[in-house]
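Since the structure comes first, as structure tokens, the remarks are kept for the end.
What follows draws every value from the coordinates through simple rules; no lab data is involved. None of the values given here were measured: they were computed from a predicted structure. Neighbour counts run over all protein chains shown; Cβ positions are idealised from the backbone, glycine included.
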Amino acid sequence: MIILGVDPGSHATGYGVIRTSPVARMLAGGVIRTNARAPLADRLLTIHDALVEVIAGHDPEAMVVEDLFNARNPRSALVLGHARGVILLAGARAGLPVHEYAPRDIKKAVTGNGGAAKEQVRFMVMRLLGLREEPPLDQSDALAAALAYAGRSRRFPDRNQGLA
């Protein structure tokens, strides 16, 4: 199965594409960066268009998006909600089943600890996917989301059964 994971952000949106068999491997990943000085509508268009390209290039069977967390700044939460909206739209338009997981659930699935630090998540993502180089944190969070879905859907190789 090919799964696209997305870690939403209005300035940096991480994405990661994994194939779950015969062993889990990363097919693609990166960070979609927007111009912080650009109007919100332009940043949202950049995110949407880049994800449409990723979807077209890798033909995933499912999309997993990190859900909103409780932000202290209401404006930040609102802007993040807009970014999530265009991400969900890209997946829905492509006909993908879109799944949303809370950050705590993703961390728990990958590390066993819902309060794990981003660096701990990245370490486990690298180990589970056999990566030799550290991906950016936004990308590793997106890969973790894809791995969490793979574990929950039981489409994950036996060597990684620790994922819940």
As a test, work out the antiparallel percent of DSSP beta bridges whose residues both lie in the chain, rounded to the nearest 5. 65
Pop out the ³J(HN,Hα) list for the stretch 103-118 in order, Karplus 6.51 cos²θ - 1.76 cosθ + 1.60 with θ = phi - 60°, rounded to Hz; leave Gly and Pro as x. x, 4, 5, 5, 4, 5, 5, 8, 10, x, 9, x, x, 4, 6, 4
Pulled fully out, how much extra length does the chain show between Arg132 and Glu100, if you take 0.36 nm times their separation in residues and subtract their Cα-Cα distance? 8.7 nm
Relative to the longest principal axis of the chain, what angle (0 to 90°, nearest 10) does the C-alpha long axis of helix 137-152 take? 50
Under the rule of -39500 (n - 2.57) per DSSP H run of 4 or more residues, summed and divided by the residues of the chain, what mean residue ellipticity at 222 nm is obtained, to the nearest 500 deg cm²/dmol? -15000 deg cm²/dmol
So the angle from the long Cα axis of helix 74-93 to the longest Cα principal axis of the chain, reported in degrees to the nearest 10, equals 70
Placing unit charges on C-beta atoms (Lys and Arg positive, Asp and Glu negative, everything else neutral), compute the dipole magnitude of the chain about its Cα centre in debye, rounded to 20. 340
Any idea which of Gly81, Gly130, Gly14 is furthest toward the positive side of the dipole for the chain, if Lys and Arg beta-carbons carry +1 and Asp and Glu beta-carbons -1? Gly130
Derived scalar couplings ³J(HN,Hα) [the stretch 12-22; Karplus, 6.51 cos²θ - 1.76 cosθ + 1.60; whole Hz; x for Gly, Pro]: 9, 10, x, 9, x, 10, 10, 10, 8, 9, x
Given the stretch 1-55 reduced to its alpha-carbon atoms as identical point scatterers, what log10 I(q)/I(0) does the Debye formula return at q = 0.13, 0.24, 0.25 Å⁻¹? -0.35, -0.87, -0.91
Take every Cα-Cα distance within the chain, group them into 10 Å bins from 0 onward, and report for each bin the whole-number percent of pairs it holds. 12, 44, 35, 9, 1
